Amino acid sequence: MQPFLLITDLDNTLVGLDTALDELNQKLDQHRQKYGTRLIYSTGRSPTLYRELEEEKGLLKPDVLILSVGTEIYYQGQDAIDTGWAERLSQGWNQAEVRAVGSHFADLVPQPETEQRPYKVSYFLSEAAAKEVIPRFDKALRDRGIDAQLIYSGGQDLDILPRHANKGNAMGFIREQLGIGSEHTIACGDSGNDLSMFQARDERGIIVGNARPELLEWHYLNPNPNRYLAKNHCAAGILEGLQHFGFL
């Protein structure tokens, strides 16, 4: 057995089935102690919502946290974000301008202030309105010279981020910092905001069996032997995938 780097989304990926989570946590904890495996959580949650989930579910302490859809990186034992990553995201980004443009769209409902982060603006948006609103919002931002990307996931969450901010780019940045090869890295997810961890990348990937339609549709259209679609849901699907790739 060799150490590996596991990067996983939380809601409906790692978290969702408590018994399966307990089993996976036990195996990962043993592997970390014996082989030095690294664990990273990559979630759309803000620091506030992450701490709530950590306490509720008794999550293992990660080596690195990627929060707010890839826009904030925290290393274990540190409260300050990685400044190198923040500097990359700051170019061409203006949060106040994004919010000003968003205020002109009646279908966009701002998420709570805890979810509005330095490099992320978040709204609730219904699936019925999304197909019409997102292209118009994107054009309005470009017309204002704002270099941003729009990520819609879960059938309700619309996140506006700096152009180069996403879970996949954050994963690559951390992997380089830790000096871990792509062949020893595995990413896990269930929805549209996890897509960047699988898209045009060399790392191994696990899509859990309960994945959202937007991710499943992309998966079937873009087959890749380095990516595995689990039959089981949530943590049970991660364990299935880790065994498929021979990491556990």
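Would you check if there is a residue in the stretch 178-187 being in a helix (DSSP H, G or I), among the small types (G, A, S), at pLDDT below 95 and more than 24 Å from R45 (Cβ to Cβ)?
Taking the stretch 178-187 and keeping what is in a helix (DSSP H, G or I), we get 178, 182-184.
Still in the running and among the small types (G, A, S): 182.
The next check asks that each one be at pLDDT below 95; those that pass are 182.
Applying the additional criterion that residues be more than 24 Å from R45 (Cβ to Cβ) yields 182.
Within the stretch 178-187 (the criterion being in a helix (DSSP H, G or I), among the small types (G, A, S), at pLDDT below 95 and more than 24 Å from R45 (Cβ to Cβ)), the answer is yes, since at least one residue qualifies.
The rows are residues; the columns are (1) over 19 Å from Q177 (Cα atoms); (2) aromatic (F, W, Y).
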site: L39; (1), (2): no, no
site: G44; (1), (2): yes, no
site: T48; (1), (2): yes, no
site: T71; (1), (2): no, no
site: Y74; (1), (2): no, yes
site: D79; (1), (2): no, no
site: W85; (1), (2): no, yes
site: Q91; (1), (2): yes, no
site: R99; (1), (2): yes, no
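Can you tell me how many residues in the stretch 171-202 are polar (S, T, N, Q) and closer than 22 Å to L158 by Cβ? Give the steps one after another, and end with the answer.
Step one: filter the stretch 171-202 for residues polar (S, T, N, Q), giving 177, 182, 185, 191, 193, 196, 199.
Filter again for closer than 22 Å to L158 by Cβ, leaving 191, 193, 196, 199.
Number of matching residues: 4.
Of a type in the set (A, V, I, L, M, F, W, C) and modelled with pLDDT under 95 - does that describe any residue in the stretch 68-77? Outline the logic, then answer.
Step one: filter the stretch 68-77 for residues of a type in the set (A, V, I, L, M, F, W, C), giving 69, 73.
Now restrict to residues that are modelled with pLDDT under 95: 69.
Yes, the stretch 68-77 has at least one match.
Could we say that V69 is in contact (Cβ under 8 Å) with a residue 40 or more places away in the chain, on the phi > 0 side of the Ramachandran plot and not hydroxyl-bearing (S, T, Y) here? First the steps, then the outcome.
Numbers: in contact (Cβ under 8 Å) with a residue 40 or more places away in the chain: yes; on the phi > 0 side of the Ramachandran plot: yes; not hydroxyl-bearing (S, T, Y): yes.
In short, yes.
Taking the stated definitions as given, is Y119 touching a helix residue (DSSP H, G or I) at 6+ places or on another chain (Cβ under 6 Å) and within 17 Å of T43 (Cα to Cα)? It would help to see each step written out before you state the result.
Numbers: touching a helix residue (DSSP H, G or I) at 6+ places or on another chain (Cβ under 6 Å): yes; within 17 Å of T43 (Cα to Cα): yes.
Criteria met by Y119.
On the basis of being free of Cβ contacts under 8 Å to residues at least 40 places away in the same chain, part of a loop (DSSP other than H, G, I, E, B) and surrounded by 16 or more Cβ atoms within 10 Å (Cβ to Cβ), does G205 make the cut? Give the derivation first.
Numbers: free of Cβ contacts under 8 Å to residues at least 40 places away in the same chain: yes; part of a loop (DSSP other than H, G, I, E, B): no; surrounded by 16 or more Cβ atoms within 10 Å (Cβ to Cβ): yes.
Judged against the criteria, G205 is not a match.
Starting from the stretch 224-248, keep only residues that are within 12 Å of I186 (Cβ to Cβ), then list their pairs with residues that are among the hydroxyl-bearing types (S, T, Y) whose Cβ atoms are within a distance under 6 Å, requiring at least 6 positions of separation or different chains.
Within 6 Å, the pairs are G241/Y228; H244/Y228.
Table: residues versus (1) surrounded by fewer than 23 Cβ atoms within 10 Å (Cβ to Cβ); (2) more than 20 Å from N210 (Cβ to Cβ); (3) at pLDDT 95 or above; (4) of a type outside the set (D, E, K, R).
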{"site": "M1", "(1), (2), (3), (4)": "yes, yes, no, yes"}
{"site": "T8", "(1), (2), (3), (4)": "no, no, yes, yes"}
{"site": "L14", "(1), (2), (3), (4)": "no, no, yes, yes"}
{"site": "L17", "(1), (2), (3), (4)": "yes, no, yes, yes"}
{"site": "Q30", "(1), (2), (3), (4)": "yes, yes, yes, yes"}
{"site": "S42", "(1), (2), (3), (4)": "no, no, yes, yes"}
{"site": "P47", "(1), (2), (3), (4)": "yes, yes, no, yes"}
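Checking the structure you have, find out if any residue of the stretch 110-119 is surrounded by 11 or more Cβ atoms within 10 Å (Cβ to Cβ) and within 14 Å of A170 (Cα to Cα).
Within the stretch 110-119 (the criterion being surrounded by 11 or more Cβ atoms within 10 Å (Cβ to Cβ) and within 14 Å of A170 (Cα to Cα)), the answer is yes, since at least one residue qualifies.
Is it true that some residue in the stretch 139-150 is surrounded by 15 or more Cβ atoms within 10 Å (Cβ to Cβ), over 20 Å from S191 (Cβ atoms) and among the β-branched types (V, I, T)?
Yes, the stretch 139-150 contains a residue that is surrounded by 15 or more Cβ atoms within 10 Å (Cβ to Cβ), over 20 Å from S191 (Cβ atoms) and among the β-branched types (V, I, T).
The values are calculated or read from the model by the stated rules, or taken from the named source; none is laboratory data. From a predicted model like this one, the values you see are computed outputs, not experimental measurements. Ideal geometry is used to build each Cβ from the backbone, glycine not excepted, and the neighbour counts take in all protein chains shown.
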